[in-house]
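K.L.:
Just passing along the structure, written as structure tokens.
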Amino acid sequence: MQTENPAAQGNPAEIFSSIIQRAQEGKNRRDETVESLKAKIKELQGESKRLESLAKTVSPIAKSVEQKQWCRALSEFKAAKKLNVQLEEFDSLSIQRAQDAASWIEESAQESIAALPRTLIAELGDQKPDPESRFPRFVFRRSFLTVEIKKSKYTATVTTRTGRAIKLDADALTVAEHVRSELSRCFDRETDLDDFAGRLRNAWQTTEAGQRGDPVGLRELAAQIGDDVPLDEFSVDLSRLITAADGGVPAAEGLKLDHTKDIKKGLLLPGLEDRGYFGTAVYRSNTNS
């Protein structure tokens, strides 16, 4: 069978022009598809980032709820200022669900606060508050450490006698952990009495008053010793040194503390509260004592 010559069916130039045109049209359609896919990918990437941001916002709240740390969950929810905007981009139903969850969390936080006198003591175990403790104020070690509960804010402030304060969400477990941590920091460490006594005497001697042989304020001496010994730890170490001196330990030889009525300048030493506030320290030789 004889094949028909394509040239006989039309002008060859027109044939090739038609082929080129159809090829170009095909390319254009493919280009349009590629651009459409690029736009869709970009849109999906943007949606993925929004969903990732939403998950990042919600995850800590969900974790606190799972752990029944209601005050912390409420605090995190209130701090998530962009949450409604993020949920609106997600879907409108989620906004209502989140608002319902917020109401539930707040009710649970209120119940948690009301139960705190019982649950906090249970979480503290052997570390019981002083008998005079009354909600919303708990005290430990003869008021060396205080816990103040702010019901309206769902917060607790843990403060040592010399003013170091830590603000927390008022969940029993969280508060109990910080009470134990602060008391351990101050009381569960060993004091090298010889080293502390030497640093105390050196601090006294470096002041102008000390060089004259005069008393120096205890808070000034604590600052002179340095930031590595916070004032609350300084008061514990000084109490141990004075107690050792009562027992005749040589480390405190020549040290004399004077009392003060100015509680802002003085220190009430842990374990020695019955002696009142000490204000200054001075070193005297035995011949001058």
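K.L.:
Take PHE234 and decide whether it is buried (at least 16 other Cβ atoms within 10 Å of the Cβ) and touching an Asp or Glu at 6+ places or on another chain (Cβ under 8 Å).
P.N.:
no
K.L.:
Working only within segment 160-177, note down all residues that are buried (at least 17 other Cβ atoms within 10 Å of the Cβ) and either outside any loop (DSSP other than H, G, I, E, B) or basic (Lys, Arg) (or both).
P.N.:
If the condition is that a residue be buried (at least 17 other Cβ atoms within 10 Å of the Cβ) and either outside any loop (DSSP other than H, G, I, E, B) or basic (Lys, Arg) (or both), then THR160, ARG161, LEU168, ASP169, ALA172, THR174, VAL175, ALA176 are the ones that fit.
K.L.:
If you don't mind, there's one more thing I want to ask. Looking at segment 178-194, which of the residues that are among the charged types (D, E, K, R) and surrounded by fewer than 18 Cβ atoms within 10 Å (Cβ to Cβ) is farthest from TRP70 (Cα to Cα)?
P.N.:
The extreme case among them is ASP194.
K.L.:
A further question follows. If the requirement is being assigned to a loop (DSSP other than H, G, I, E, B), free of Cβ contacts under 8 Å to residues at least 60 places away in the same chain and either farther than 21 Å from GLU273 by Cα or touching a Lys or Arg at 6+ places or on another chain (Cβ under 9 Å) (or both), which of these qualifies: VAL229, VAL236?
P.N.:
VAL229
K.L.:
Still on this structure, I have one more. Identify all residues within segment 245-283 that are in a loop (DSSP other than H, G, I, E, B), among the acidic types (Asp, Glu) and over 19 Å from ALA209 (Cβ atoms); write none if there are none.
P.N.:
GLU253
K.L.:
Listed residues LEU218, LEU168; which is within 32 Å of the chain's Cα centre (by Cα) and closer than 18 Å to ASP258 by Cβ?
P.N.:
Going through LEU218, LEU168 in turn, the sole match is LEU218.
Readers should treat all values here as calculations from the given coordinates under stated rules, not as data from a laboratory. Since the model is a prediction, treat every value here as computed from it, not as a measurement. When we count neighbours, we look across all protein chains shown, and the Cβ atoms used for this are built from the backbone with ideal geometry, even at glycine.
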